[in-house]
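The values are calculated or read from the model by the stated rules, or taken from the named source; none is laboratory data. All values derive from a computational prediction rather than experimental measurement. No Cβ is skipped: glycine too gets one built from the backbone with ideal geometry, and neighbour counts run over all protein chains shown. Heads up: the accessible areas ignore ligands, DNA and RNA and are worked out on the full protein's heavy atoms, side chains in. Shrake-Rupley method; radii C 1.70, N 1.55, O 1.52, S 1.80 Å.
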Amino acid sequence: MPSQLTKRALEESLKRLLLTKPLNKITIADITNDCGISRMTFYYHFQDIYDLVEWACEEDAARAIAGNKTADTWQTGLLDTFLALRENKPFITSIYHDMSREQVERFLVPVVSDLVKSVVDEHAARRHVREQDRDFIARFFAHALIGTVLDWIARDMRDDPQQLVQRVATIADGAIETALDRLEIPGGYIAGSEGSVPEGSAAP
């Protein structure tokens with residue numbers, strides 16, 4: 001069985017098992033027995049169950065966002081992410097409750113940061129903004145989005161995803177452009193002042 005198909009089979013077995021027991025009660029033997037794969041094969045692909053969980057989270061999020069990483073389509077990517085999380089609710093809620101918030105954030109940060117960075121870079125295309133400043137802006141907004149997603153999960157996914165995305169879009173509309181304007185060389189913004197940051201200065 002090709003590597004990617006094997007990983008997907010292990011992921012699907014884990015998700016099936018989470019319908020009947022919590023993550024901390026599932027063993028590698030449970031997963032391999034469910035999908036008919038040897039323990040040796042499991043360890044060839046993953047170090048442990050949490051490594052499988054991390055891969056599954058990153059893959060699911062990447063699939064939801066794929067193709068929607070532009071200024072015009074990021075809202076679709078975010079909505080698809082909410083919908084994918086809700087579709088896998090038993091899996092996601094079990095992970096959220098059985099693992100630390102920091103661990104779950106670590107799974108989401110790379111994918112969400114990639115989405116936001118693409119949007120920031122698109123807005124910055126014709127501006128003189130340092131790469132480190134663009135990265136800072138992307139991380140800032142990525143953490144805001146991740147916090148929104150995690151709070152939604154903590155609330156048992158009760159809020160309507162479409163409404164959440166609309167609220168995020170309302171707040172974020174123009175915010176990235178404003179941040180880029182304030183950090184553009186040579187007139188970078190200093191919080192609380194009307195001063196500027198010389199071109200060689202360190203980023204905030």
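For the chain, the fraction of 1.4 Å probe accessible surface lying on carbon and sulfur atoms is 52 percent. For the stretch 168-183 versus the stretch 113-166, the inter-centroid distance based on Cα atoms is 11 Å. Checking the a/c ratio against 1.5 first, then a/b against b/c, what shape does the Cα gyration tensor give for the chain? Prolate.
Counting heavy atoms of the protein chains only and a 1.4 Å probe, report the per residue accessible area for the chain as a whole number of Å².
Details: 11020 Å² over 204 residues.
Heavy-atom SASA per residue in the chain reads 54 Å².
Rounded if a/c is under 1.5, else prolate if a/b is larger than b/c, else oblate: which is the stretch 1-78, with a ≥ b ≥ c the root eigenvalues of its Cα gyration tensor? Prolate.
Computed from Cα atoms, the angle from the helix 131-154 axis to the main principal axis of the chain rounds to 50 degrees.
Ligands, DNA and RNA excluded, the heavy atoms of CYS57 present near 20 Å² of accessible surface to a 1.4 Å solvent probe. The mean sequence separation of alpha-carbon pairs under 8 Å and at least six residues apart, normalised by the residue count of the stretch 1-149, gives a relative contact order of 22 percent. For GLU58 and HIS128, what does the FRET efficiency come to when R0 = 25 Å and r is the distance between their Cβ atoms, rounded to the nearest 0.05? Efficiency, rounded to the nearest 0.05: 0.15.
Roughly how many debye, to the nearest 20, is the charge dipole of the chain about its Cα centre, given +1 on each Lys and Arg Cβ, -1 on each Asp and Glu Cβ, and no other charges? Before the final figure, lay out the partial values.
Numbers: 23 positive and 32 negative charges, 104 e Å.
The dipole magnitude comes to about 500 debye.
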